Amino acid sequence: MTTKSRRPRRSQWTRGRVLAVVLLLSVVLGAWLFWPFWQLSGQFGNHPTRQPSRLYGRPPVVEPGAYLSKDALRRQLDSSGYMPTAAPSGTGTSDSGTVPGTYREVEGGLEVHRRKFPSPRGLVGGDLIRIAFKGHTVDQLKRDGQTLAGIWLDPPLVAAFYGPNLEERRPVALEDVPENLILAVLAAEDAGFLSHAGVSVRGILRAAWANFRAKKVRQGGSTLTQQLVKNLYLTHERRWVRKVREALLAVLLEMRYDKRSILQAYLNEIYWGRSGSINIMGVGAASWAYFGKQPAQLTLGEAATLAGMIQSPANLSPLKHPEAARARRDVILGRLDQLRWVTRDRLKAAGLEPVEGNRGSLVTRKAPYFADAMVEEARRRFGLENLADAGYTLCSTLDLDAQIHAEEAVGWGLEALKGWEKGKKVGQPLQAALVTLDPASGGIRAYVGGRGYGQTQFDRVRNAKRQAGSAFKPIVYAAAFERRLANPATFLEDSPYTVRLADRSWSPKNSDGEYHGWVTAREALEESYNVPTARLGVYMGLEHVVEMAKRLGVQRDLSPFPALALGAMEVTPLELASVYATLAAGGVRHPTHGLTAVFDRQGKAVTGEALPEPERVLDESVSFLVTQILQGVLDRGTARKLRTDGFHDRAAGKTGTTNDRRDSWFAGYSPEHATLVWVGYDNNAQTRLSGARAALPIWGRFAVKTRPPGGYSDFEPPDGVVALWIDPRSGGQAHSGCSQRRPEYFLRDFVPEPNCADDSRWRRRFGTEPERDESGGRLRRWLRMLRGRNGP
């Protein structure tokens, strides 16, 4: 009785344990199969938008009246990947038979079918533009018969921000993929794609027979759907267990998504080789990487070449293995013929096409220092902490042509200075920085943070804190002119000068070691004399110099000590460039920036911190007086070598050299742009180079290379300024009878009294003509009379 009663309980316990094991195995098996599927589904749904964030430069502008010939525009389009075509234009609309990214010649000009491209206003383009020329200028722009005031062309790609896998992706919608390419890919990889349910039994049997004969796994028999599953989730190992899993997941994927979605995902996900260290993923990236064009522009032969590469991208690249690529292309064309998907006439023409890859630029960083700066600006203004593979589009102010010339000028200038470095045991190379700002907006046009990003990533434009030296002096004169303490003709004393502060004293010296007597404010600034500038700054009150520096663009705190007037303070090149950009804008300070707009992966604008409104910080008349003197720096002063070197445009500028010649500067500007150059050693060692010797030639080369077709504009005098004839001997207004006269600009409400050294009144009062180097009381009394107050 007892034994019999125990057996059923033991049997029940055994069955329960077996069921539990079976249930556990079922859960594990289900997780093994279905969990990857749900992961896969998530990746599948997101993959069309997964791509690196991209930074674009300023889009080129075409407008009527612009100095641009038809040939020049054609070259510009070619460099942007546009293809010439002879296709008829039909009605002149975008349905005229052309495709985006092409252009053709028409009577009197060009017809350009613009691609869609990012801009500060969002996605624009995709239309047909007719451009008429008159000689070397643009005469007219039309779209659908309507006259346009101007258009943008494709902005240049400046940088791409890749994730750890370094994958270049350019997702395309299936409707934007040409039929040639779809048919070629299906012929090469899965001709039965439209009929199977994710797995091809025929393909499996064919692969099994091949593997049996080879006694190893050589073929997989994978459908296009299976390849997609493998690329999105599974490994590439050739094991039967992986193949089973791949087949089951492919069936599940076909049950959940339609064929169009699967095909689009495949075309955007398949691996197409490498370009340098970058993995090329998807047909959009492959089309650009191997042929320098968008998929819609591919010929049948190019489409077959790309389709043939899928089997072995590294060995079938048209760039590295053109003969192998040709042979594989012909196999694909033959397969298309066998399937009767393309006419034989077209296939024959495609077979005659040369296999010539045209490498498109898969940019990592064309302007690396600028790209780093924009990463920081995107974080600060838009809150974007990570751009890698985030799909953001960043529109910037960078002019890529100007950037190329800036990098070339810096390299050229540093190479030319090699002779000056001989015998110097500094332990590091001479460095340079260049930054160009648009005075009208504050936008950064060119940005070079050092001699080579590969050597050092330290950005000297933003982060190098260096003494400004004489490049600071225009701030002193701006403050004095604003306070009506001086004008360009005011005489300043250049003689031994000592300032005593508590238990210390300071005695400035001129760079040439000499004194020049009485000199005008114009001469003092043009020749960069230290002593008269220091006198003026101390006499005025250095707190006013500090205030002016802050208003014009210097951001760091400054102390009002005497040497400040001579630039004995640290400033970054970007700060100092903003000062000169403010002068170039007539006293209006625009916020310095590089980003104009940011869009997320769906094309929605990212809201960020708005830029401050432009602010008038200096009266335009005062700004004009400073600019007038700085134009004289190029004509007669410390930068006059530019004239002998071939730069003849009207521009303003100032050299800068610090004590012991550790920093060399030149800042120059016109209404079009303000450019600053710094040269020095990172460890602050002596260079033995002045600003005129080291920085000025770099600025000059860059200015010549970026010169507008009509030349740089001049500055127009504002209403608050008046031009008068003065006697250079007295600084007073000169009448027509004066034996010496020259023109000078003054503030309309602060002009000198009429005084000619030839007048009897002058002779009666002072006896003889004053000597320019006189330091006695006679000339001082006259100067005080002229100004009506005590002066420096």
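The figures follow:
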read-out: Protein accessible area in region 548-686, 1.4 Å probe - carbon and sulfur %; value: 46 percent
read-out: For THR137, residues with placed amide H under 5 Å, excluding near neighbours; value: LEU68
read-out: Spin-label pair ASP660/ASP682, simplified geometry with 7 Å Cα→Cβ offset, distance in nm; value: 2.0 nm
read-out: Mean accessible surface per residue for region 655-769, computed with a 1.4 Å probe while every protein chain stays in place, in Å²; value: 44 Å²
read-out: Exposure of HIS593 as accessible area (Å², to 10), given a probe of 1.4 Å and all protein chains; value: 20 Å²
read-out: Interchain or long-range residues, amide H under 5 Å from SER53's placed H; value: PHE161, ASP389, ALA390, GLY391, TYR392
read-out: Accessible area (Å², per residue) of region 236-392, counting only protein heavy atoms and a probe of 1.4 Å; value: 45 Å²
read-out: Overall Cα dimensions of region 479-564, principal axis frame, Å, largest first; value: 35, 34, 20
read-out: By accessible area with a 1.4 Å probe, ligands and nucleic acids excluded, highest first: order of LYS348, LYS259; value: LYS348, LYS259
read-out: Residue-by-residue Karplus 3J(HN,Hα) for region 174-184, coefficients 6.51, -1.76, 1.60, Hz, glycine and proline x; value: 4, 5, 9, 9, x, 4, 3, 6, 4, 5, 5
read-out: Cβ-Cβ FRET estimate between THR343 and THR137, R0 fixed at 60 Å, reported to 0.05; value: 0.85
read-out: Segment ASN463-PHE561, length gained on full extension (0.36 nm per residue, minus Cα span); value: 32.9 nm
read-out: Gain in span if fully extended, ALA605 to ARG748, counting 0.36 nm per residue against the direct Cα distance; value: 46.7 nm
read-out: Length released on extending from ASP71 to VAL704, taking residue separation times 0.36 nm less the Cα-Cα span; value: 225.7 nm
read-out: For GLY517, residues with placed amide H under 5 Å, excluding near neighbours; value: ASP494
read-out: In order through region 436-443: 3J(HN,Hα) via Karplus (6.51 cos²θ - 1.76 cosθ + 1.60), integer Hz, x for Gly, Pro; value: 10, 10, 8, x, 7, 9, x, x
read-out: Per-q log10 I(q)/I(0), region 336-453, q = 0.10 Å⁻¹ (Debye; single scatterer per alpha-carbon; no solvent); value: -0.56
read-out: FRET E, pair ASN358, ALA149, Förster distance 41 Å, beta-carbon r, rounded to 0.05; value: 0.75
read-out: For region 608-613, Karplus couplings with θ = phi - 60° (6.51, -1.76, 1.60), whole Hz, Gly/Pro x; value: x, 5, 5, 5, x, 5
read-out: Rounded if a/c under 1.5, otherwise prolate or oblate - region 263-329, Cα gyration tensor axes; value: rounded
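The values are calculated or read from the model by the stated rules, or taken from the named source; none is laboratory data. Please read all numbers here as calculations on a predicted model, not as lab measurements. Here Cβ is always computed from backbone atoms with ideal geometry, including for glycine, and neighbour counts include all displayed protein chains. These area figures cover heavy atoms from the full protein model, side chains too; ligands, DNA and RNA do not enter into them. Shrake-Rupley method; radii C 1.70, N 1.55, O 1.52, S 1.80 Å.
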